[in-house]
1. I need the full set of residues from the stretch 108-166 which are assigned to a strand (DSSP E or B) and among the basic types (Lys, Arg), in order please.
2. In the stretch 272-289, what residues are touching a Leu at 6+ places or on another chain (Cβ under 6 Å) and within 14 Å of Gly253 (Cβ to Cβ)?
3. Tally time: how many residues in the stretch 374-402 are part of a loop (DSSP other than H, G, I, E, B), under 29 Å from Asp293 (Cβ atoms) and open to solvent by less than 50 Å² (accessible area, probe 1.4 Å)?
4. Hey, can you tell me all the residues within the stretch 74-96 that are of a type in the set (Val, Ile, Thr) and surrounded by 20 or more Cβ atoms within 10 Å (Cβ to Cβ)?
5. What do you reckon, is Ala94 over 34 Å from the mean Cα position of the chain (by Cα) and of a type in the set (Gly, Ala, Ser)?
6. Specify the residue that is nearest to the chain's Cα centre (by Cα); the eligible residues are those in the stretch 36-53 that are surrounded by 20 or more Cβ atoms within 10 Å (Cβ to Cβ) and not in a loop (DSSP other than H, G, I, E, B).
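The values are calculated or read from the model by the stated rules, or taken from the named source; none is laboratory data. Keep in mind it's a predicted model, so treat the numbers as computed, not measured. So basically every Cβ, Gly included, is an ideal-geometry build from the backbone, and we count neighbours across all protein chains shown. Please note that ligands, DNA and RNA were not included when accessible areas were found on the heavy atoms of the full protein model with its side chains. Shrake-Rupley method; radii C 1.70, N 1.55, O 1.52, S 1.80 Å.
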Amino acid sequence: MGDVSVDGGATAKLGQVEGDLRVGQAARIEPEDKVIHVTGRVSCDGDAEFHGSLSCSEFSARHGKIRIEGDLVAKSEVKVDDGQLAIDGSLEAATVTVDKALRIGGNARADDFDVGGVLEVRGTISGKKVDVGGSFKVQGTAEVEEVDVGGTVDIASIVKFAKLDVGGMARIGGGEVSKDVDVGGKFESTKPLKFSKIDVGGLATLVEGGEGGDVDVGGKFESRADLSFNSLDVGGMASINGNGKGVEVDVGGLLRVSGSLTLEKDLDIGGRAYIGAELRLDSLEVGGSMEADLIIAQKSIEVGGDLKTIKGTKGDTVELGHGSRASGPIVAREVSVGHGGRVEDVYADTLEMEHGSRARNLYFREGVIEAGVNVEGEVLYTDTIEASPDVRFAKPSAKVNELPKPPL
């Protein structure tokens, strides 16, 4: 059988077509067996129904809704202009272009998918590139090099992407994105995610944590399990329910970590930071308050507000702002307590207590204690002390040969 044409509104029963198949408006094609085999091109003008699977070299349609009740296999291109394509089974082609909506009941495989409106896949999808103007939804796994979606992405199972670029909202079932996750609004991964970079304008959530490189979120970031990263940069609030391990953190507002946080470099917080266990890092700068079980810094610690620890704070230099309240011992080469600040026990090589500050016990090599300072316990030093006449000492300061051993 050579080229075949099916008139509009007609029903034809076909098996093997040795040539092209042309289908008119509202035509119905039924298979003689299970699959309609067309060696050439299938073209549809308007609505059409195929009550079985279809195999062809190329498939095209325009101005209508196409329904295929089985699979669609095309050696080259599937193209639908100004129309929709619904496939109950699976789709396999080299390239797929659909202006409005493409819905696939089984699996989908092609090098390129270009859909203007909606792409829905109930099974798995694999390919090199997916470009969707509206929404992209997959119930199974998705293995695609590049995904570019203008609206929303919802992938229930794991993904393997090189790049994910979404204008609105994206939710994936974990997996790996080897290059960039770029989402304009909201991003969520429901399972562990391996990533290189996450860039989200609004809210980002890793439900089961992750492992990767840089995280840059404009609003709020949340990892509900352990997270390892390179840099964490969040404009508003960041939280890790578990342990965090990375290079550096910069948060404009609030940082919460329920476990320990270990950084190779710096922690910079504009507002407040709460660490449930230990904080170990190179340097720390907090504009507001800082709370942790234990803080160990290789270099400087600067806290503008309150500093609260249980086991203590240790660094090369510790600087507390005006009116700061600190709990737990402080151990450092240099310690500076701002005007009106309050500390408990301080162990330092050099110490400066500014006007009106208070302390429990002070142990240092050399120190300067300004007017109005109140020390409730003992003051021991090995070299020198410069104390204003109106400093209130509960006990006279004493020069000793050796200071008590610091607790840290």
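1. Passing the criteria: Arg109, Lys128, Lys129, Lys137, Lys160, Lys163.
2. Arg272, Ala273
3. The number of residues fulfilling the criteria is 1.
4. Val78, Val80, Ile87, Val96
5. Answer is no for this residue.
6. Once the filter is applied, the top-ranked residue is Ser53.
Yes/no matrix, rows are residues, columns are (1) under 25 Å from the mean Cα position of the chain (by Cα); (2) open to solvent by less than 20 Å² (accessible area, probe 1.4 Å); (3) closer than 19 Å to Ser231 by Cα:
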residue: Lys265; (1), (2), (3): yes, no, yes
residue: Asp268; (1), (2), (3): yes, no, yes
residue: Ala273; (1), (2), (3): yes, yes, yes
residue: Gly276; (1), (2), (3): yes, no, no
residue: Leu284; (1), (2), (3): yes, yes, yes
residue: Met290; (1), (2), (3): yes, yes, no
residue: Asp293; (1), (2), (3): no, no, no
residue: Ile296; (1), (2), (3): no, no, no
residue: Asp306; (1), (2), (3): no, no, no
